[in-house]
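Each remark here refers to the structure printed beneath this line.
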Amino acid sequence: MHNPQTVSVTKLWLCGISDIRFQISDMDSRSVVELLEASSGVHFSGFHLDGIEPRNSEVAQLTASETGSVHKQPFIIGVAGGAASGKATVCDMIIEQLHDQRVVLVNQDSFYHNLTEEELTRVHEYNFDHPDAFDTEELLCVMEKLKHGQAVDIPNYDFKSYKNNVLPTRRVNPSDVIIMEGILLFHDIRVRELMKMKLFVDTDADVRLARRIRRDTVEKGRDISTVLDQYSKFVKPAYDDFILPTKKYADIIIPRGGDNPAAIDLIVQHLRTKLRQHDLCKIYPNLYVIQSTFQIRGMHTLIRDAKTTKHDFVFYADRLICLVVEHGLGHLPFTEKQVITPTGSVYTGVDFCKRLCGVSVIKSGESMENALRACCKGIKIGKILIHREGDNGQQLIYEKLPSDISDRHVLLLDPILGTGNSAVQAISLLIRKGVPESNIIFLNLISAPQGVHVVCKSFPKIKIVTSEIEIGLNEDFRVIPGMGEFGDRYFGTDDDDQQVVAPV
């Protein structure tokens, strides 16, 4: 087998990285935000961090293209890194914290090729860290079956006989979450594209070597000279040539692996959010959650903090609202248009939908108007006022809508979707005014699952675009964790003595 040559790779550090990955160290989420702002020299809102999901597979695209089978799709996480970096420990910690989910583990080590008789005679010259050592086709076949709800039998590779048919196979049933673990998981693009979250465990080379010596001498009965010889010939060159270069594909880089529990906690928190979104999007193909990134999570952290000043609350809320509005505009119909560029060339593009208007639910929905105007020059905006009567009662008090609204696509603006009662009132009014249900796009910052169920079941043809799915509602019908009474915090009209957070 080919023995790769060592290549030099520049280390990636947290400070100054704006276009590669996000490394998590022992710090809480607020410390992450503060460090990013301090190290980058720019405001956090302008610091680029890549998202948790692949750039070309947002939830919106998934639900639009796979509505027939999306309910069977598990959430797949990939954990890669060098040998003895702590990948297995990270997987165990994630599985332990996701005790309320059905989680299974698939190890890349199970898919080593069987060695031929000739290879067995020169086993110490065989490179187990090379991509060709793995039966990637079989791994893809197994994952395809699990994705489609079929149970599989995964081999247990025997490192004494170097065969995968000596030990009993392991039965793996379809699950909500599948964690894949292996040194070269990110090497093959087909395997990478299976994953919705990719983690790279980054541990110092001397630590990995010490662990490998201890593991191979104690567990596999090898002498230390053999271990060191294999490391210098195969393990280190393969790490530099094949494993380290795949670090760039990771969504999250975890320094020190299992020795970094704060990082694991942050990842699990983020993962729970993604799973809530994933589950609801499987049920409702008309629900779209914008691609989550640590930048977006950082802005959510700030606007949810009760201690955040009004100035900062408005700044970061506006940033999030702009992202939601832009995503919502992407769901409007477009027509092809050709233009002549200054070079005399023909550019084939699209023409925006001209028949468009916004409708804000007073008063919190008015906070979204500026972002809409910034994106759509001269757009008409209507108003709806809905009065709350107790916890669930809603009464329409006032409406002022464009006279030709029935001929337009409507962006309904309200930052919080809680119980869904106000949203149902507003959507019902628009439909009575002649707006086709399929022409309504409901834009909000956060959505409670209860509200999503109510709105999507009542109006299956409208689209909901949000930036995050909440845990739910408490006994007072308030969104949790929530961000308080949004309109009062945004416009500075909150009354400290009688502050009420009401459902939408």
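Quick note: the coordinates plus some simple rules give every number you see, no bench work behind them. Note that the structure is predicted; figures quoted are calculated from it, not measured. Note: ideal-geometry Cβ built from the backbone for every residue, glycine included; neighbour counts use all protein chains shown.
Set the Förster radius R0 to 25 Å, insert the Cβ-Cβ distance between Cys322 and Ser438 as r into 1/(1 + (r/R0)^6), and round the FRET efficiency to 0.05. Before the final figure, lay out the partial values.
Working: r = 25 Å, r/R0 = 0.99.
Computed FRET efficiency for Cys322 and Ser438: 0.50.
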Using only the Cα atoms, what convex hull volume per residue in Å³ does the range 326-439 have?
-> 114
Peptide ranges 188-197, 354-363 listed from the most packed, as the mean C-beta count within 10 angstrom indicates | 354-363, 188-197
Under 5 Å, built H, 5+ apart or other chain: amide partners of Tyr112 | Asp135
Hey, can you grab everything whose amide H is under 5 Å from the amide H of Ile386? Only 5+ residues off in sequence or another chain; H modelled, so Pro and N-termini drop out.
-> Ile362, Ile397
Among Lys383/Lys461; Lys236/Lys274; Lys247/Lys274; Lys282/Lys337; Lys87/Lys307; Lys147/Lys248, which pairs are too far apart, with a Cα-Cα distance over 28 Å?
-> Lys236/Lys274; Lys282/Lys337; Lys87/Lys307
For the range 431-436, take each phi angle, set θ = phi - 60°, evaluate the Karplus expression 6.51 cos²θ - 1.76 cosθ + 1.60, and give the result in whole Hz per residue in order, putting x for glycine and proline.
-> 5, 5, 7, x, 6, x
Could you give me the ³J(HN,Hα) list for the range 142-155, computed from phi with Karplus coefficients 6.51, -1.76, 1.60 and θ = phi - 60°, whole Hz, x at Gly and Pro?
-> 5, 5, 4, 5, 5, 4, 9, x, 9, 6, 9, 10, 9, x
